Every structure is written in C-alpha cells, then in structure tokens.
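Presented below is the structure to which this report refers.
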Amino acid sequence: MRALLIMTMGGWIVGSLLMAFVATQNFRTVDRLLSSPTLEFSRAIAPLAHDEARVVLRYLVSELNRLYFSAWGLTQLALGAAVVITAIGLRPLDRTVIVVAATILVIVIVSLLLSQSLLSLGRSLDFIPRTTVSLELARFRKLHLAYTALDLLKLALCVWLLIRATRQTHAVTIKR
C-alpha cells in the first residue's frame, strides 16, 4: 500500500508541475509566434491585424487551458480518492497521513468548484482588453489567485505526504 501511495503522490506532483508549465507556456507561445512568425504562419494570419491575431490565438489557448484544467481537475478527484483509500489501508495506521490525504481531497473538491466559476467568468472576458477596468475582471483575478493559492497548498501537502510515506517505508525496512 505504501508503494502505491508513493507512486501516486509522485505522479500527482509531476502532473501538477506539468499543468502549471503548460498553462503558462501556452500563453507565452502566442507572443513568441507573433514576434517571429514563420512565412506560412504570417500568410495565414495576414487578414488579421497583429492585435486581432493575438486576441484570437489567446482565445484558442484559453479554451485549450480550460479543457486541460477540467480534465486535470477530474483526474485529481480520482487521485485524491485513491490517496485517501490508500492512506486508510496503511499499516501501521497513521492518522496524520489520513488527515492530510483527506485535506488534499477537500482542496481538490473546492478547487473544482472554484474552477467552474473561473471557466465561465473567463469565457465572458476572453475578448475584453485586459487594460479595461471591470468588476468581472477584478473578480476573475481574485478567483484565479484563490485557485492558485489552493493549488500551491495542495502541492505542498502532496510533497509532505510523499516525504512522510517515503520515510516511513525506510523506517519499516530498517525494523525488519
């Protein structure tokens, strides 16, 4: 059971880091493509002004990120349930591990609910310039900050749980 917990936590941590990388790089790629486009790409976007092409490409990236985060959120829900079940099955029983695993699962559930608000609000803002001051944009930024903070907390707890499970594996091996 402990090996399964270690493997799951390691994969979850890597997945979380990859999602952060993909989300940020998708938006940066738009600017990289527009700053030094290939000849074929230049021809394809020629009917659009630079700013229009940027808005359209950022919209595409936003939709892709929404898809990725929706799928990742559901994946994390399954991972969280598996981690809680695995933590309950550990011997000797470790209540701290169970509480941390359950806390991670709660964070995932709250993040999923929060992401639904982020997704719908984000869609309503896709074609509004970021320089425009609006209550919706301010709300989006607050929700995004809360989501990011929860994700960082979840990541820290995952790392802690991985370290705890690894150290306990080592301690169990030494006792034998």
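Of these, Leu5, Leu119, which one is in contact (Cβ under 8 Å) with a residue 60 or more places away in the chain and surrounded by 16 or more Cβ atoms within 10 Å (Cβ to Cβ)?
Leu5
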Which of the residues that make up region 135-149 are crowded, with 16+ Cβ neighbours inside 10 Å and closer than 16 Å to Met19 by Cβ? Tyr147
Among residues of region 66-112, those that are touching a residue at least 40 places away in the same chain (Cβ under 8 Å), in a helix (DSSP H, G or I), surrounded by fewer than 19 Cβ atoms within 10 Å (Cβ to Cβ) and not hydrophobic (A, V, I, L, M, F, W, C), counted: 7
Using beta carbons and a limit of 7 Å, which pairs, at least six apart or on different chains, have the first residue in region 21-47 and farther than 16 Å from Tyr68 by Cβ and the second one surrounded by 10 or more Cβ atoms within 10 Å (Cβ to Cβ) and among the aromatic types (Phe, Trp, Tyr)? Leu33/Phe41
Could you grab me the full set of residues in region 38-65 that are more than 23 Å from the chain's Cα centre (by Cα), part of a helix (DSSP H, G or I) and among the small types (Gly, Ala, Ser)? Ser42, Ala44, Ala53
Do we have any residue at all in region 155-176 that's closer than 30 Å to Thr29 by Cα, at pLDDT 95 or above, surrounded by 14 or more Cβ atoms within 10 Å (Cβ to Cβ) and in contact with an Asp or Glu (Cβ under 7 Å, 6 or more places away or on another chain)? no
Does Leu121 satisfy the criteria of being in contact with a Lys or Arg (Cβ under 9 Å, 6 or more places away or on another chain) and at pLDDT 95 or above? yes
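The values are calculated or read from the model by the stated rules, or taken from the named source; none is laboratory data. Since we're looking at a predicted model, the values are computed, not measured. Every residue, glycine among them, receives a Cβ derived from its backbone with ideal geometry; neighbour counts consider all protein chains shown.
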